[in-house]
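Contents: one structure, followed by commentary.
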Amino acid sequence: MISIIGAGPIGAYLAWRLAKEGENVRLFEEHPNIGRPVQCAGIVSKNIRNFVNIDKEFVLNTINGTRIYSPNGECFEIKGDKEAYILDRAKFDSYLVEKALDENVELYLGYKFLSMENGNLIFDRGGFKTDVLVGADGPLSGVAKNAEMFNNRKNLIGIQVRAFLDKETDFVELYFGEEFPGFFGWVIPEGKGICRIGIAGEEVSNNFNKFLRRFSPLKIIEKQGGLIPVYNKNIQIQKDNVFLVGDAAAQNKATTGGGIVFGLKAAKILSDCLIDNKNYEREIKRKLKKDLDMNLKIRLILNKFDNEKYNSLIKLLNQDKIKEFFVSNGDMDYPTKFGFGLAIREPRLLKFLF
Ligand SMILES: Cc1cc2nc3c(=O)[nH]c(=O)nc-3n(C[C@H](O)[C@H](O)[C@H](O)COP(=O)(O)OP(=O)(O)OC[C@H]3O[C@@H](n4cnc5c(N)ncnc54)[C@H](O)[C@@H]3O)c2cc1C
């Protein structure tokens with residue numbers, strides 16, 4: 001029996017994959033409903049298609065480009081075709097759980113995991129025996145804490161509003177500068193005149209209010225917020241028969257905080273390991289760690305930028321040869337795939353590394 005704690009997108013996807021291969025799977029979720037509360041801007045790259053069929057049931061909008069603003073207001077625009085999708089997260093999570101249920105996964109809603117002792121799972125309302133325990137229980141993973149794998153992890157705070165805002169519907173806007181320490185501001189159109197406007201960081205409330213004022217007057221529909229794990233290279237993801245995946249393992253892109261595509265990839269790797277009896281840590285090292293580490297490297301460099309550096313970076317990127325390169329090679333998830341080519345086209349970019 002494999003028990004998965006957390007019916008977010010990663011736990012549900014993992015449950016679905018395992019059950020499809022004939023494993024007995026139980027999926028536990030502390031909330032009474034799937035997908036609520038929503039704590040996500042819901043943008044995923046086209047790479048999501050490697051894991052799920054894009055279904056209009058959960059896709060609200062398709063994105064064809066990004067505008068990146070430097071502190072002095074200069075804009076670097078990258079265009080593409082169906083580069084990213086905007087998800088209705090509650091519907092996306094529900095879709096994945098439905099897929100799991102179709103494969104006979106046992107779903108337990110309203111069960112909060114407390115601990116595991118000698119193969120016995122203890123919830124706030126009863127217990128179960130298990131052979132394998134998977135923590136897909138998000139940034140504050142109780143499974144990681146219980147197995148003493150949480151250590152000194154950090155989370156950022158992400159905060160956003162959904163509001164009516166007149167913006168082009170197929171472009172995402174990103175705002176960089178000292179106003180967004182350790183992160184950036186985003187405006188993501190979900191369609192029907194509604195945008196998700198947010199920022200993330202260690203301290204957000206003052207900067208968030210300041211950011212929102214740029215768009216005032218704003219008719220706010222809803223406020224949302226949550227935690228974004230800060231990836232670091234030392235996070236332990238496996239101990240005996242306990243495994244961590246998704247936000248519980250901080251498998252997010254340190255550049256953007258995005259955790260859905262990498263989390264799904266990690267879940268695919270974990271399901272293959274559990275089925276074929278392979279070492280999860282080693283497979284993650286082989287198939288995902290390089291990109292997690294590269295995103296972290298870029299994040300650590302950006303964290304040192306002041307406004308002047310951002311201004312000169314955007315100026316340097318704003319050349320036709322760079323834009324053309326991005327159109328055919330850019331991949332918002334995997335900088336290792338295009339970083340080298342970018343540096344060859346514009347060697348002055350290398351100075352930002354040091
Ligand atoms: C403001 C914000 C914006 C974001 N925007 C994006 C974005 O645009 N694109 C992107 O890719 N990512 C984004 N992310 C990150 C993304 O939301 C996460 O990476 C993703 O939700 C991870 O999925 P998960 O299944 O690992 O964890 P979660 O979605 O956190 O799911 C964990 C589940 O476990 C349950 N759980 C927790 N503890 C227990 C327990 N003890 N017992 C039982 N159940 C438990 C929770 O209720 C939850 O349902 C954003 C995050 C934030 C905060």
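The values are calculated or read from the model by the stated rules, or taken from the named source; none is laboratory data. Computed from a predicted structure; not experimentally measured. Counting neighbours? That spans all protein chains shown, and the Cβs are built from the backbone with ideal geometry, glycine included. Remember, those area values only see protein heavy atoms, side chains included, never the ligands or the DNA or RNA. Shrake-Rupley method; radii C 1.70, N 1.55, O 1.52, S 1.80 Å.
Structure values in brief
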read-out: Computed magnitude of the charge dipole of the stretch 104-150 (debye, nearest 20; Cβ of K, R +1, Cβ of D, E -1); value: 100 debye
read-out: Theoretical ellipticity at 222 nm over the chain - DSSP helices of four or more residues, -39500 (n - 2.57) apiece, nearest 500; value: -9000 deg cm²/dmol
read-out: Accessible area of the stretch 140-292 belonging to carbon and sulfur atoms, whole % at 1.4 Å probe; value: 47 percent
read-out: Length released on extending from Arg213 to Arg125, taking residue separation times 0.36 nm less the Cα-Cα span; value: 27.1 nm
read-out: Cα-centre dipole for the stretch 236-285 with unit charges at Cβ (Lys and Arg positive, Asp and Glu negative), debye to 20; value: 160 debye
read-out: In the stretch 113-190, trypsin sites (Lys or Arg not before Pro) in a DSSP loop with at most 14 other beta-carbon atoms within 10 Å; value: Arg125, Lys154
read-out: Above-threshold pairs, the threshold being 29 Å between Cα atoms, out of Lys82/Lys145; Lys129/Lys154; Lys192/Lys223; value: Lys82/Lys145; Lys129/Lys154
read-out: Stokes-Einstein diffusion coefficient of the stretch 99-155, Kirkwood radius over Cα pairs, 10 °C, 1.306 mPa s, in µm²/s; value: 125 µm²/s
read-out: Cα radius of gyration and Dmax for the stretch 25-114 (Å); value: 17.2, 55
read-out: Between 0 and 90°, nearest 10: helix 289-302 axis offset from the chain longest Cα axis; value: 40 degrees
read-out: Estimated distance in nm for a label pair at Leu114 and Asn303, the labels positioned 7 Å out from Cα along Cα-to-Cβ; value: 3.7 nm
read-out: Formal net charge of residues neighbouring Asp124 (Cβ-Cβ distance under 12 Å; K, R +1; D, E -1); value: +1
read-out: Cα-centre dipole for the stretch 1-145 with unit charges at Cβ (Lys and Arg positive, Asp and Glu negative), debye to 20; value: 200 debye
read-out: Average accessible area per residue (Å²) across the stretch 136-295 - probe 1.4 Å, nucleic acids and ligands excluded; value: 44 Å²
read-out: Using alpha-carbon coordinates, inclination of helix 9-20 to the longest axis of the chain, degrees; value: 50 degrees
read-out: Low-density loop positions, GluC sites (Glu not before Pro), the stretch 280-354 - DSSP coil, at most 15 other Cβ in 10 Å; value: none
read-out: Helix 307-317 vs. the chain, principal-axis angle (Cα, 0 to 90°, nearest 10); value: 80 degrees
read-out: Amide proton proximity set for Gly258, modelled H, under 5 Å, gap of 5+; value: Lys253
read-out: Selected from Pro181, Pro71, Pro217 as most flexible by GNM, with the chain as the system and alpha-carbon contacts under 10 Å; value: Pro217
read-out: Cleavage-rule hits, trypsin sites (Lys or Arg not before Pro), the stretch 218-323, DSSP coil, Cβ neighbours within 10 Å at most 10; value: Lys233, Lys304
read-out: Sequence of Glu203, Glu106, Glu346 when ordered by accessible area, the most exposed leading, probe 1.4 angstrom; value: Glu203, Glu106, Glu346
read-out: Lys351, Lys99, reordered so the largest accessible area comes first (probe 1.4 Å); value: Lys351, Lys99
read-out: Solvent-accessible area per residue for the stretch 32-122 (1.4 angstrom probe, square angstrom); value: 49 Å²
read-out: Residue-wise HN-Hα coupling along the stretch 224-233, computed from phi with Karplus coefficients 6.51, -1.76, 1.60 (Hz; x: Gly, Pro); value: 9, x, x, 9, 10, x, 9, 5, 9, 5
read-out: In Hz, Karplus ³J(HN,Hα) per residue of the stretch 253-260 (6.51, -1.76, 1.60; θ = phi - 60°; x = Gly, Pro); value: 6, 5, 5, 10, x, x, x, 6
